[in-house]
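The values are calculated or read from the model by the stated rules, or taken from the named source; none is laboratory data. Please read these numbers as outputs of a predicted model, since none were measured by experiment. Cβ coordinates were reconstructed from backbone atoms using ideal geometry, including for glycine residues, and neighbour counts include every protein chain displayed.
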């Protein structure tokens, strides 16, 4: 596996542990069910530790507990959090107030919610300095604000500081939050998925900023994320969490090249590979929530290596090499097998162009508006039979608008021709004949919003069947079970409600609903952006298989260029409402022509 | 333009329980259960239930006929077997109290149901259709809203005469304008969600989307609104009766009793005081129920992150 060398890979730094977490145990308050247990971490000066885990692994809970803060219903039951030898958890409220935002600070996931919308950003930056008595005068503090703004690459003039958070872009807001976190020259900083809501380009800038600031200030940083690719260029060491426990800790290179816990390896295999050398492998199932974790090693039900003993007793921490800790009964066997064997080459034949192609959907000179504003400009492209076209772009590029125009879900003005099988399509889905509505199916971005929470899965799946087919009750049930089978779900789910399912399962149900209509065209709008990387991989595997086996024509809308090779044969890159580059995936990704594509490629985090 | 980012609470992002119970109560049942845990709801239901029971079985246990003259007018309760004395023309007060609750409760319920059905329908349509339908219907409702409900009722009753169906209808329409606003706001929010988009893409009929997709998601705030409107209905219907626009003499009716007997309040207070107390306690009961439901709704929203 290729190791990406950063500009200043290992600067000389003192090997002083600034943050020491030992045996941290956090429980749900009345029930005493553990969220996190036996969490021990060590971060040195100027070092970034990546804390990686799926949803519900308890990683955010660990992050906030470093500031002795717990969300409602949780409490720290045991353990120590020491900053330079002082135990944060033992401090009285007054001391703690001084330490928070002073010695240790926190950058939340959603900075738009973290900044006070009623205060100018300059006021908020000054506030954090005043509270902690930074400098001796207002002039000192103003100078510091200017310095911080420069360091996070934002304008530091008065006009900019007089802005309110809503007048800033998402990336700018996150930079302000980072500036606030670094303002008092803290010793420790906790970053909780600060780039999840950002575009790749913005993400790359924010990650650069975080890296530079931690190095130059000698801060010990904890970077929490579900995406190993994000920390692959940033973190010096990585701790992998599963079901509330740290299962493996080691340097970045140790983990990426020779991870010894099966979970670490599975996580790595689920990262989309932009080079297309490696096939995407999802992790079946999902991380168990507190209170539902199996006995013994919690990963046992999802583990290929599991033996009987794994389900009985939790493995002890073992140091396989200095600083490389693993909790797995079978880590020796796992490490004996080179990780390369997990790697399966992508079937290249899939991307070979077919000789004869029929255009299923053709788009000519399409211009679309959002209210009065023109958001798509003169789009020309087409989707061929049995092919998958990936539509890639950042937020605001118009990719979703284009997808919705095709699906008949864009409620504003559209100019130009959209044709399906050579016949013009009505603008509004309601204006289309039944067989057209049936042929084109749309899968929405968020499975939390696309399934009616008041309906059972059976009721949800029966919707397209009732509209498009005239079926008896038993035929209907057969079709529903078949649709669930196609997305690898059990028919026992029919009587469940969406909120009883995991995010990945919900998205599978949404896909099954589309498939039940027996479409020829499937439009997938950012269908994995709400899911964990491990779940994303499984959904991509599923969609790629369905497309191939059912002969679907698919439009795959995504912001993630790294996913493209795993699923599509053609790619169209969009920017500012225009298609800036179009071609076969290998051609575009190996030899991009447009500057924008090049930039997107270089900013996409890779492993 | 991509769709606006939806901010969701943490609870939506974490994985749900692995345990799959086979049957799960719907949200409004959860809300009822949550509301029932609160003391105020139990007291409210107790009060409401007791007075409804009184109104229902009253006529069977009443010692006399409500139109029977049994004693001299304004006799005090000292007369044997007349625990509340007699009213302004010598009817037994207790008998009339036992008979007089039915109309208030029935009319109030009818008016509230009319208001709910009409209001929810208008709210769903305006919230989903938007544009000119929304604008015109909502402005029309604003006109209705501009009048205090009692004034509106008096206006129509004085033109068309004191008819019970008219009172029920006017009070119902007054409620409808208020309920429609609540329903519209909830509909606006729910119709943004993608499951509505999905139904549209299938080409499902609009009215089916309204009643099958959206309505089940807005039942909880409507349930709270129903409780609240019922409280107002009782007050309004009783007030209209008191003003002489409801039941006509010699019918037994709490609102009417207050009016008929107020001249004798110094010498024989019971035919005034007892109906006043009963109407007051009844509204306290329904209000406590509405309050409990409202609190449960906030609690549910906080817990599930769903609106």
Among residues belonging to the stretch A:423-432 that are outside any helix (DSSP H, G or I) and within 9 Å of another protein chain (Cβ to nearest Cβ), point out the one that is surrounded by the fewest Cβ atoms within 10 Å (Cβ to Cβ).
A:428
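Does residue B:199 meet the test of being crowded, with 20+ Cβ neighbours inside 10 Å, in contact with a helix residue (DSSP H, G or I) (Cβ under 8 Å, 6 or more places away or on another chain) and in contact (Cβ under 8 Å) with a residue 24 or more places away in the chain?
On the way: crowded, with 20+ Cβ neighbours inside 10 Å: yes; in contact with a helix residue (DSSP H, G or I) (Cβ under 8 Å, 6 or more places away or on another chain): yes; in contact (Cβ under 8 Å) with a residue 24 or more places away in the chain: no.
Against the criterion (crowded, with 20+ Cβ neighbours inside 10 Å, in contact with a helix residue (DSSP H, G or I) (Cβ under 8 Å, 6 or more places away or on another chain) and in contact (Cβ under 8 Å) with a residue 24 or more places away in the chain), residue B:199 does not qualify.
Could you tell me whether any residue of the stretch A:454-468 is in a helix (DSSP H, G or I) and away from chain B (no Cβ under 14 Å)? Let's see the steps before the verdict.
Within the stretch A:454-468, the first condition is being in a helix (DSSP H, G or I), and the residues that meet it are A:457-468.
Then drop every residue that is not away from chain B (no Cβ under 14 Å), which leaves none.
No, the stretch A:454-468 has no match at all.
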When every residue in the stretch B:161-196 that is within 14 Å of chain A (Cβ to nearest Cβ) and surrounded by fewer than 17 Cβ atoms within 10 Å (Cβ to Cβ) is compared, the one modelled with the highest pLDDT is B:189
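Identify, from the list A:176, A:206, A:190, the residue that is outside the structural domain of residue A:596 (by TED's automatic domain parsing) and part of a strand (DSSP E or B).
So the residue among A:176, A:206, A:190 that is outside the structural domain of residue A:596 (by TED's automatic domain parsing) and part of a strand (DSSP E or B) is A:190.
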The one condition residue A:74 fails out of (1) in contact (Cβ under 8 Å) with a residue 60 or more places away in the chain; (2) farther than 30 Å from residue A:268 by Cα; (3) touching a strand residue (DSSP E or B) at 6+ places or on another chain (Cβ under 9 Å); (4) within 14 Å of chain B (Cβ to nearest Cβ) is (1)
Could you check residue B:222 against (1) under 12 Å from the mean Cα position of the chain (by Cα); (2) surrounded by 24 or more Cβ atoms within 10 Å (Cβ to Cβ) and say which number it fails?
(2)
Of the residues that make up the stretch B:208-217, is at least one part of a loop (DSSP other than H, G, I, E, B) and within 14 Å of chain A (Cβ to nearest Cβ)?
no
For the stretch A:302-319, what are the residues that are touching a helix residue (DSSP H, G or I) at 6+ places or on another chain (Cβ under 8 Å) and surrounded by fewer than 17 Cβ atoms within 10 Å (Cβ to Cβ)?
A:304, A:311, A:318
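Kindly indicate whether residue A:531 is touching a helix residue (DSSP H, G or I) at 6+ places or on another chain (Cβ under 6 Å) and assigned to a loop (DSSP other than H, G, I, E, B). So that I can check it myself, show each step before the final result.
Working: touching a helix residue (DSSP H, G or I) at 6+ places or on another chain (Cβ under 6 Å): yes; assigned to a loop (DSSP other than H, G, I, E, B): yes.
So residue A:531 fits the description; yes.
Please pick out the residue among A:546, A:563, A:542, A:515 that is out of contact with any strand residue (DSSP E or B) (no Cβ under 7 Å at 6 or more places or on another chain), touching a residue at least 24 places away in the same chain (Cβ under 8 Å), within 18 Å of residue A:397 (Cα to Cα) and in a helix (DSSP H, G or I). Give the steps one after another, and end with the answer.
Working: A:546 fails: within 18 Å of residue A:397 (Cα to Cα); A:542 fails: within 18 Å of residue A:397 (Cα to Cα); A:515 fails: within 18 Å of residue A:397 (Cα to Cα).
On inspection, the qualifying residue turns out to be A:563.
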Please indicate, with yes or no, whether at least one residue in the stretch A:441-464 is under 22 Å from residue A:546 (Cβ atoms), out of contact with any helix residue (DSSP H, G or I) (no Cβ under 9 Å at 6 or more places or on another chain) and assigned by TED's automatic domain parsing to the domain that holds residue A:532.
no
Selection status of residue A:136, in a helix (DSSP H, G or I) and surrounded by fewer than 19 Cβ atoms within 10 Å (Cβ to Cβ):
no
